[in-house]
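Chemist: Please see the structure below; I have some questions.
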Ligand SMILES: [Zn+2]
């Protein structure tokens, strides 16, 4: 059984969303704030090969997102996999 990964989560200035960098998708995933101890379902495309799809992940508070991160995340297409969050 794979260990559940922990990923740093950065609070978007809208304070509703957390930005989590996904090294498999090479993009930010968005999750609802606030951070809880509960595992999150990975927002990787389900037809991809991301191991996060199998395990999900937990979020570690990494503080506020930097302006560069917010710009990069807001430039992304919203949801290649068809989900808002
Ligand atoms: Zn992903």
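The values are calculated or read from the model by the stated rules, or taken from the named source; none is laboratory data. Just so it is clear, the model here is predicted, and its values are computed rather than measured. FYI the Cβ positions are ideal-geometry reconstructions off the backbone, even for glycines, and counts take in every protein chain you see.
Chemist: If I filter the stretch 10-21 for residues that are assigned to a strand (DSSP E or B), within 11 Å of the ligand (Cβ to nearest atom) and farther than 10 Å from residue 59 by Cα, do I get at least one hit?
Modeler: Yes; the residues of the stretch 10-21 include at least one that is assigned to a strand (DSSP E or B), within 11 Å of the ligand (Cβ to nearest atom) and farther than 10 Å from residue 59 by Cα.
Chemist: Answer yes or no as to whether residue 59 is within 12 Å of the ligand (Cβ to nearest atom), under 10 Å from the mean Cα position of the chain (by Cα) and modelled with pLDDT of 95 or more.
Modeler: no
Chemist: Only residues that are surrounded by fewer than 18 Cβ atoms within 10 Å (Cβ to Cβ) and outside any loop (DSSP other than H, G, I, E, B): list them for the stretch 28-53, please.
Modeler: 32, 53
Chemist: Can you give me the number of residues within the stretch 30-50 that are within 10 Å of the ligand (Cβ to nearest atom) and in contact (Cβ under 8 Å) with a residue 24 or more places away in the chain?
Modeler: Looking only at the stretch 30-50, we keep the residues that are within 10 Å of the ligand (Cβ to nearest atom), and these are 42-45, 48, 50.
Narrowing further to those that are in contact (Cβ under 8 Å) with a residue 24 or more places away in the chain: 43-45, 48, 50.
The qualifying residues number 5.
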